[in-house]
Amino acid sequence: MADDDASIRQFLHILLTREGFNVKVVGQSSEVINECHNCNADLLLLDIMMPGMDGFEVCRKIRKESNLPIIILTAKEDNEDKISGLILGCDDYITKPFDSTELILRIKAVLRRVKENGHVENERNSVELPGLTINHISRITEVDGKEVDLTPKEYALLWLLSNRPDQAFTREQILYQIWDSNYYGSPSVVTSLVKRLREKIEPDIANPYYIKTIQGVGYKLGVKPY
């Protein structure tokens with residue numbers, strides 16, 4: 001876990017250790033990147049306001065290399081900050097002051113969901129759509145033969161829709177599937193996520209081909225897989 005406040009680091013180290021976690025604490029952004037390279041962590045608990053790179057930039061850099069689960073723990077309560085963090089690929093967003101029991105439950109929920117999704121999603125290795133290929137083993141997505149750089153959340157949304165081509169998902173269902181059953185954020189984060197994904201894969205954003213909006217419901221895959 002990373003936080004520039006020594007008292008919070010000490011408190012969380014005691015709290016998480018008592019819960020049976022093996023905890024490494026750091027106070028600098030550069031240390032976070034190094035630790036993620038050098039240790040086999042299961043989850044990163046990350047503050048936003050730190051010296052040097054802020055937590056958003058740290059999250060962005062980690063997401064270019066890893067799908068390590070990230071929970072942001074911060075005093076920044078603005079809804080736009082929450083949306084920014086979730087779109088960048090963090091798995092949950094908790095504001096300070098926080099309830100210790102809730103924090104532990106959210107950490108366990110993220111770890112449980114990662115484990116469960118890793119099992120369920122292995123049922124299919126790839127999806128082929130006209131002009132679009134999704135390889136779930138390599139996590140590579142190609143549009144017209146060219147690889148596109150998707151964040152973990154963008155990829156998770158695309159995989160969810162393409163794996164269930166006959167189902168229309170509400171925004172609330174997408175929140176539950178991609179984030180967490182305990183996440184009570186605004187469904188607007190899903191709207192923003194869809195917009196960013198469309199910008200990367202759609203030939204014409206004004207007339208989406210792959211991700212269709214179903215009025216009064218949510219979103220659905222617009223074309224059948226091969």
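Observations on the structure shown:
- Debye intensity ratio in log₁₀ form over the Cα atoms of the range 124-221, taken at each q of 0.17, 0.20, 0.22 Å⁻¹: -0.73, -1.02, -1.23
- Rg to Rh quotient for the chain, alpha carbon positions, Kirkwood Rh: 0.98
- Report note on the peptides 1-12, 152-163: ranked by the mean count of other C-beta atoms within 10 Å, highest first, their order is 152-163, 1-12.
- Efficiency of FRET between E19 and N67 - r from beta-carbon atoms, R0 25 angstrom, step 0.05: 0.60
- Within the range 6-120, all pairs of alpha-carbon atoms sorted by distance into 5 Å bins from zero give the percentages 2, 10, 23, 26, 23, 12, 3, 0.
- With N counted as the residues of the range 49-102, its alpha-carbon radius of gyration over 2.2 N^0.38 Å works out to 1.11.
- Violating pairs (Cα-Cα greater than 22 angstrom) within the set K108/K212; K153/K195; K195/K220; K82/K220: K108/K212; K82/K220
- Calculated [θ] (222 nm, deg cm²/dmol) that DSSP helices of n ≥ 4 give over the chain, each run adding -39,500 (n - 2.57): -12500 deg cm²/dmol
Rule-based calculations on the coordinates, nothing more; no lab input. The model shown is predicted, which means the values in this text are computed figures rather than measured ones. In this analysis, Cβ positions are derived from the backbone assuming ideal geometry, glycine residues included, and neighbour counts consider all displayed protein chains.
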